[in-house]
Structures are given as structure tokens and as C-alpha cells.
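For reference, the structure is listed below as C-alpha cells.
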Amino acid sequence: MEQRKLGNTPLKIGPLVLGGNVFGWTLDEKTSFQILDAFVDAGLNAIDTADIYSKWVPGHQGGESETILGRWFGRAPSNRQKVVLITKVGSEFSPERKGLSERWILQAAEDSLRRLKTDHIDLYLSHWPDPSVPYEETLGAYDKLLKGGKVRAIGASNLSAAQLTGALKAARDAGLPRYEVLQPEYNLYSRTTFEGPLQDLTVKEALGVIPYFSLAAGFLTGKYRTEKDFAKSARGSGMAKYLNPRGLRILSALDQVAQETSSVPAEVALAWLGSRPGVTAPIASATSLSQLQSLVRSTQLKLTPAQLTFLETASRP
């Protein structure tokens, strides 16, 4: 399957990144392994997780997703060589275990490496901005990890255009490694989070872009069309913000293009996102083999210019 260069890094990834937030949350270990096996068997290679996944679940401590991935690597070590492994640091475990200080980044990286049962992280991301820590300190910590071979490339998630500009300037001025990849929230519904100055900056600086919430937490699958549908999954309670005239207009457009292309709305939404300027590959998760097969089909779906324009117009904020 075609692979794409991930910014100015040595990494190349397939046209879709598998979201690992579901491992240990809505998926048990056995099903997670099945999804992961099928993902690499399909010729795809990038998996995104974070140290904090899935601390939000009652009784969880965080690290559950990384732990399952580590056990998967341990079961078949050759899988580690097939995967571009992405994880993140910065979310809060406790008041002392959070943020982007050098102390915490270096400790958190060791914790992630231990859970993942690997000697290196391919792409290490700052999960959230941390205004309390100078960019130079954060990038200096990453410099140590890069020089030590524990990390191959770095990036950031959830930065504004101003924050990304500041981080890039700090790296340039201090002779430190820069963020090479951005992970923003971006999908057919949530467009203003990325489009505009932030998108322009990533294109200008040739950064890799791997959007999360590519299916708006599942709304763009078309599964949630009335309030009664919210009970269909653990994420249903978050659908109310999408269920409005604009959201329904987007679903209608997805339905039309899906019918034209003999596909389903989720595949169309991912194909649209993958075609956007600057986007390297969208992130999407799967909770069943059938969902994974649909994600794979989305990477093979080519929308016409007319269909892309139709979707862009229907989803315009």
C-alpha cells in the first residue's frame, strides 16, 4: 500500500493511522490483538496511542492502551518492525505527573517504553500545550531522547497557529529539534480548528499532519441521527453538539456521495479528509473487524473533484 512521507522525518506511513484509544477501553485484549493483526495484514503501518489512554475509565490508571500494544509486540516481535509507533506525553495523571517539563518528559518516555516493550518510540508528541514551561525546555528534553535513540521524531497535538509558530521559532533560535508533525482535531464537521492560519503554516513548513477525531467521535459514520441513537455506544453522550441542522446537512451529503461510490459515509468522510491540503493521513479507530475493513476501503476510495467540492460546500461552517 502507498506510504507517505511524514513531514521532514525518516518515517513513512500509510494513508490511514489506527487510533489506539479503544485498546483497553471499549476493546479487550483479545479483540485488540485481532484488530491489530488485521491492520498490519492489510498493509497499513501507523498506530497512534498516548500514555494517558484510558485513564478516563473508572478503575483505570492510564497506560492501558500502551500496555496492550506492548503485549501485542511481545507476542510477535516482528510486528514492531512493521509499525510506526506514535504515542504522546503531557496529559495529567496527577499534579506531579503531567505537562511538558524536562523532568516529566524524560520520566514519561521511560514509562511508555516499558509499557510498550520497545526500545524506541517512532513519533513522540506533546499531547497538549503547556504554557508553564518554555519551549526551549520541552524541546531540549526531546533533544536528549532523540540523541539517545529513544525517539525518532517529535511533534505536537492541539497547538494553535500562534503556539506552533512560537515552538518552531524557539527550535530555530536555540538550535533544537523542531516539531515535525501536528495532530489537530479536524473533520468535515470541525473544520475551523485546522483550516486557515494553522493549515497554511503546516503547508509552508512542510509538516506532517495526522488529524484526530476524523469521524467526529463517530458522528460522521451516520450512526447518530436522532437523540434516541445516543444510546448506541459509549460515545453517544457526546453527539448532541453535532446533531443540528449543519450536522444533518453533512450527513445528507455523505449519504449522497456514499451512494454514488457504493461505499458508506465513514469511508467518504475519511477519503475527503485524506484529500485535504497538508493532511498526511487521518487517524481512525475500529472496534470490530468489519469496521477495520471499512477503514481499509476508505484508503482506496477516490472521490471526484465534484464530490469533494460538494462535501466542502455542504460542510462549510
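General remarks:
- Calculated [θ] (222 nm, deg cm²/dmol) that DSSP helices of n ≥ 4 give over the chain, each run adding -39,500 (n - 2.57): -12500 deg cm²/dmol
- For the chain, the longest principal axis of the Cα atoms and the long axis of helix 265-274 meet at an angle of about 50 degrees.
- Taking amide H atoms as placed 1.01 Å from N in the peptide plane, the amide H of ARG4 lies under 5 Å from those of ILE13, GLY14, each 5 or more residues away in sequence or on another chain.
- On Cα atoms only, tilt of 64-75 relative to the major axis of the chain in degrees: 80 degrees
- Local net charge near PRO317, Cβ-Cβ under 10 Å (Lys/Arg +1, Asp/Glu -1): +2
- Sequence-separation-based contact order of segment 61-125, relative, with Cα cut under 8 Å and 6+ spacing, percent: 45 percent
- Note: relative contact order over the chain, using C-alpha pairs below 8 Å and six or more positions apart, is 18 percent.
- Inter-centroid distance (Cα atoms) of segment 138-182 relative to segment 234-293, Å: 31 Å
- Structure note, pairs LYS55/LYS150; LYS5/LYS228; LYS30/LYS147: Cα-Cα distances above 32 angstrom occur for LYS5/LYS228; LYS30/LYS147.
- Ratio of Rg to Rh for the chain: 0.95 [Cα atoms; Kirkwood radius as inverse mean 1/r over pairs].
- Using C-alpha pairs under 8 Å with a sequence gap of at least 6, the mean separation divided by the residue count of segment 4-183 gives a relative contact order of 18 percent.
- Straight-line reach from LYS98: taking Cα to Cα under 15 Å and skipping same-chain neighbours fewer than 8 places apart, the aspartates and glutamates in range are ASP51, GLU110, ASP111, ASP130, GLU137.
- Protection-proxy order for peptides 41-47, 59-65, 192-198, each taking the mean of Cβ atoms within 10 Å per residue, highest first: 41-47, 59-65, 192-198
- Angle in degrees between helix 305-314 and the longest Cα principal axis of the chain, rounded to the nearest 10: 90 degrees
Laboratory data are not the source of any read-out in this text; all were calculated from the coordinates shown. On a predicted model such as this, the values are computed, not experimentally measured, just so you know. Ideal geometry is used to build each Cβ from the backbone, glycine not excepted, and the neighbour counts take in all protein chains shown.
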